[in-house]
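Trainee: Okay, handing you the structure first.
The values are calculated or read from the model by the stated rules, or taken from the named source; none is laboratory data. Just so we're clear, the structure is a prediction, and the values are computed from it rather than from any experiment. Virtual Cβ from ideal backbone geometry, glycine too; neighbours counted across all protein chains shown.
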Amino acid sequence: MKAWIGQHLTALRDALRRLLAAPLNSLLSLLVIGVALTLPTAGWLCLDNLRQATGDSPGVQQISIFMTLDVGKSALSDLESRLKDARAGSWRFVSREEALKHLQASEGMAEIVASLPKNPLPDAFIVTPDDTRPEALESLARTFAAWPDVAHVQLDSAWVRRLDALLRLGKLVVMLLGILFAGALVTITFNTIRLQILAQAAEIELAKLIGATDAWIQRPLHYFGVLQGVLGGLCAALLVTVGFHLLRAPVGELAQLYGANFVLQGLSPLDITALAVVGGGLGWLGASISAAMYLRRVA
Amino acid sequence: MISASELTKRYPEGREALRDVSFEITAGEMVFLTGHSGAGKSTLFKLLAAIERPTSGHVLINGQNLAALRRNAVPYLRRKLGLIFQDRKLLFDRTVLDNVLLPLAIVGHPVREARRRALAALAKVGLPDRENTLPIALSGGEQQRLAIARAVVNRPAILLADEPTANLDADSAAEILAIFRAFQQVGVTVCVATHDLPVLSGPPPRVLRLHKGEMRDLSAAAAGTP
Ligand SMILES: Nc1ncnc2c1ncn2[C@@H]1O[C@H](COP(=O)(O)OP(=O)(O)OP(=O)(O)O)[C@@H](O)[C@H]1O
Ligand SMILES: [Mg+2]
């Protein structure tokens, strides 16, 4: 066990030594990997922030139920009890008189309203549903529309749906980007390891001749790939964090202009760890493919 | 210890490098393998170390048939052998000490003990205090000693040396052979391939002579008169 740990430590030290032996090369590889990982990470982070921004802005997901004009008091209480039974969320009743008063209070509307022969506005219920998923809103709106004495149901979430579709598209794009750049990372590692093997061909050949197992030869190469991937992942985390830090103030200002209290969220420690792990894993993959191909060739 | 029977080796390009070669080397023996250039000495060396596979015939090392060896068992066989290659195969970008440490690292010795053993091996071949130089700064004879130190640092039971005295003057060659003698005297089986038989003091050694891929086992007495 102790010998096993010792061998791994030696391999890790060997990998570190090789990384530091060509600092410029290593730095360039790290930067390339970092940039490759930055794009999907930043995209994912943007989506996450967008979801957060749209998810908790109140007053957006409302359903307005407009009654027919000649509706009676009994119909209104009937609808109220239906709403209660449907457990759709909270609601507010806006009587036609109240709506008219509201309209009169608006700038320049008073004269227009005064000139009307009778109140053209219907009674209305403004429902704020608990479940704000677009599908749930849609189905609620359909339910409401089927009730008696309901003239019109207006779902204020058309743009939410559009945004949702956009977010879903964004997610797909980020995923494709992720796959693309994961492939790039594997390729980059594959190539660095290939160059490394070329540079050490004499040493590897000799080691094989004097009793090194394939595992022994591959170990430092694997560590090198993992190390490069992890450091590349951390490099990407750094780039994304700096970028989001620069964006935070302007985005906050923009949000303020819309009356929202929104703070741009950067990468959490968990995100950074995940990035390092993913980078390490992909690095390992590239390195092991490269090493295995080489050993197959010389066997 | 080493037993070869009816070894034939034909390289893909065609010519037979070895034809029907059989011999035995017992434990603790020191044997010279000699013959003209192209006689097949290096080929035989590679067959004994499982670097090449014979076209027919087989090799037993310690009773173990190399032909029956699985691919992943080969490294463990090699660790029992001390190999000195005709082209030496020193790592010129590593220090003398690092060169000797390599076999120990492969086996997985703890670092501190490995260092101690490597320094002892260097001292034994007459290269003390040179551990931090690069091999390029060593003379030909010193490089050969380094190759020997690397071969013996794992304390192998069998030492196979391919042309260890090539390109060395008579004195250096004699010193190298004296080192092999010393190993033989502590029980190591030594097999030295060389195209020119050295002048040796002490009892005449056993000589295996290869000629165009065929072997004649010269008795110790006949060694001086080819
Ligand atoms: N890898 C190879 N492929 C094809 N032919 C080879 C190969 N290695 C050796 N030979 C041939 O096999 C024959 C024996 O070669 P070998 O290297 O065993 O000779 P040797 O006795 O070691 O010679 P030297 O004293 O010059 O080292 C030669 O004719 C050589 O051309
Ligand atoms: Mg030879």
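Trainee: Which of the residues belonging to region A:159-213 are surrounded by fewer than 17 Cβ atoms within 10 Å (Cβ to Cβ), charged (D, E, K, R) and within 14 Å of chain B (Cβ to nearest Cβ)?
Mentor: A:205
Trainee: Which one of these does residue A:96 not meet: (1) modelled with pLDDT under 80; (2) of a type outside the set (Ser, Thr, Tyr); (3) touching a Leu at 6+ places or on another chain (Cβ under 6 Å)?
Mentor: (1)
Trainee: Among the listed residues A:111, A:80, A:138, identify the single one that is out of contact with any strand residue (DSSP E or B) (no Cβ under 8 Å at 6 or more places or on another chain) and among the acidic types (Asp, Glu).
Mentor: The unique qualifying residue is A:111.
Trainee: Still on this structure: Read through the list (1) at pLDDT below 90; (2) more than 16 Å from ligand 1 (Cβ to nearest atom), then give the number of the only condition that residue B:196 fails.
Mentor: Result: residue B:196 passes all but (2).
Trainee: Shifting gears a bit: State which residue is surrounded by the most Cβ atoms within 10 Å (Cβ to Cβ) when the search covers only region B:87-118 and only residues that are more than 11 Å from chain A (Cβ to nearest Cβ), in a helix (DSSP H, G or I) and β-branched (Val, Ile, Thr).
Mentor: Within region B:87-118, the match that is surrounded by the most Cβ atoms within 10 Å (Cβ to Cβ) is B:100.
Trainee: Moving on. Restricting attention to region A:181-202, which residues are under 25 Å from the mean Cα position of the chain (by Cα) and touching a residue at least 40 places away in the same chain (Cβ under 8 Å)?
Mentor: A:181, A:182, A:184, A:185, A:186
Trainee: Within region B:34-61, take every residue that is within 12 Å of ligand 2 (Cβ to nearest atom) and within 17 Å of residue A:211 (Cβ to Cβ) and give me the one that is nearest to the other protein chains (Cβ to nearest Cβ).
Mentor: So the residue we want is B:46.
Trainee: May I pose another question? Can you run down the residue pairs with Cβ atoms below 9 Å, 6 or more apart or on separate chains, where the first is in region B:180-195 and assigned by TED's automatic domain parsing to the domain that holds residue B:61 and of a type in the set (Lys, Arg) and the partner is more than 16 Å from ligand 2 (Cβ to nearest atom) and assigned to a strand (DSSP E or B)?
Mentor: B:181/B:30; B:181/B:190
Trainee: Continuing with the same structure: For residue B:201, all conditions in the list (1) modelled with pLDDT of 90 or more; (2) more than 14 Å from chain A (Cβ to nearest Cβ); (3) more than 16 Å from ligand 1 (Cβ to nearest atom) hold save one; what is the number of the exception?
Mentor: Against the list (1) modelled with pLDDT of 90 or more; (2) more than 14 Å from chain A (Cβ to nearest Cβ); (3) more than 16 Å from ligand 1 (Cβ to nearest atom), residue B:201 comes up short only on (1).
Trainee: Taking the condition part of a helix (DSSP H, G or I), away from chain B (no Cβ under 14 Å) and surrounded by 15 or more Cβ atoms within 10 Å (Cβ to Cβ), does residue A:39 pass?
Mentor: When the stated conditions are applied, residue A:39 passes them.
Trainee: Since residue B:153 meets every condition but one in (1) touching a strand residue (DSSP E or B) at 6+ places or on another chain (Cβ under 9 Å); (2) under 23 Å from residue B:167 (Cα atoms); (3) among the hydrophobic types (A, V, I, L, M, F, W, C), which condition does it not meet?
Mentor: (2)
Trainee: Checking the structure you have, find out if any residue of region B:134-151 is surrounded by fewer than 21 Cβ atoms within 10 Å (Cβ to Cβ), of a type outside the set (S, T, N, Q) and closer than 29 Å to residue B:1 by Cα.
Mentor: Checked against the condition, which is being surrounded by fewer than 21 Cβ atoms within 10 Å (Cβ to Cβ), of a type outside the set (S, T, N, Q) and closer than 29 Å to residue B:1 by Cα, region B:134-151 yields no hits at all.
Trainee: Which condition breaks for residue B:174 when tested against (1) more than 16 Å from ligand 2 (Cβ to nearest atom); (2) at pLDDT 90 or above?
Mentor: With respect to (1) more than 16 Å from ligand 2 (Cβ to nearest atom); (2) at pLDDT 90 or above, residue B:174 is out only on (2).
Trainee: Failed condition for residue B:176, given (1) within 23 Å of residue B:109 (Cα to Cα); (2) in a helix (DSSP H, G or I); (3) not polar (S, T, N, Q), with all others met?
Mentor: (1)
Trainee: So, one more: Restricting to region B:131-147, give me the number of residues that are touching a residue at least 40 places away in the same chain (Cβ under 8 Å) and assigned to a helix (DSSP H, G or I).
Mentor: 6
Trainee: Another question, if that's okay. Looking at (1) touching a helix residue (DSSP H, G or I) at 6+ places or on another chain (Cβ under 9 Å); (2) closer than 21 Å to residue A:206 by Cα, which one does residue B:127 not meet, given that it meets all the others?
Mentor: All conditions are met except number (2).
Trainee: Moving on to the next point. Quick check: is even one residue across region B:163-171 under 20 Å from the mean Cα position of the chain (by Cα), crowded, with 22+ Cβ neighbours inside 10 Å, at pLDDT 90 or above and not in a loop (DSSP other than H, G, I, E, B)?
Mentor: no
Trainee: Please determine whether any residue of region B:62-85 is assigned to a helix (DSSP H, G or I), within 16 Å of ligand 2 (Cβ to nearest atom) and away from every other protein chain (no Cβ under 14 Å).
Mentor: No, region B:62-85 has no match at all.
Trainee: Then there is this: May I ask you to list pairs of residues, at least six apart or on different chains, whose Cβ atoms are under 7 Å apart, with the first in region B:16-40 being on the phi < 0 side of the Ramachandran plot and basic (Lys, Arg) and the second being more than 9 Å from ligand 1 (Cβ to nearest atom) and in a strand (DSSP E or B)?
Mentor: Correct list of pairs: B:19/B:8; B:19/B:214.
Trainee: Looking at region A:223-245, is at least one residue in contact with a Pro (Cβ under 8 Å, 6 or more places away or on another chain) and without any contact (Cβ under 8 Å) to a residue 24 or more places away in the chain?
Mentor: So far as region A:223-245 goes, no, none of its residues is in contact with a Pro (Cβ under 8 Å, 6 or more places away or on another chain) and without any contact (Cβ under 8 Å) to a residue 24 or more places away in the chain.
Trainee: Still on this structure: Confirm whether residue A:162 is assigned by TED's automatic domain parsing to the domain that holds residue A:79 and under 24 Å from the mean Cα position of the chain (by Cα).
Mentor: No, not satisfied.
Trainee: Would you be able to say whether some residue in region B:146-157 is within 16 Å of ligand 2 (Cβ to nearest atom) and either aromatic (Phe, Trp, Tyr) or within 14 Å of chain A (Cβ to nearest Cβ) (or both)?
Mentor: Within region B:146-157 (the criterion being within 16 Å of ligand 2 (Cβ to nearest atom) and either aromatic (Phe, Trp, Tyr) or within 14 Å of chain A (Cβ to nearest Cβ) (or both)), the answer is yes, since at least one residue qualifies.
Trainee: If we scan region B:52-74, do we find a residue that is surrounded by 15 or more Cβ atoms within 10 Å (Cβ to Cβ), closer than 30 Å to residue B:109 by Cα and without any contact (Cβ under 8 Å) to a residue 12 or more places away in the chain?
Mentor: Taking every residue of region B:52-74 in turn, none turns out to be surrounded by 15 or more Cβ atoms within 10 Å (Cβ to Cβ), closer than 30 Å to residue B:109 by Cα and without any contact (Cβ under 8 Å) to a residue 12 or more places away in the chain.
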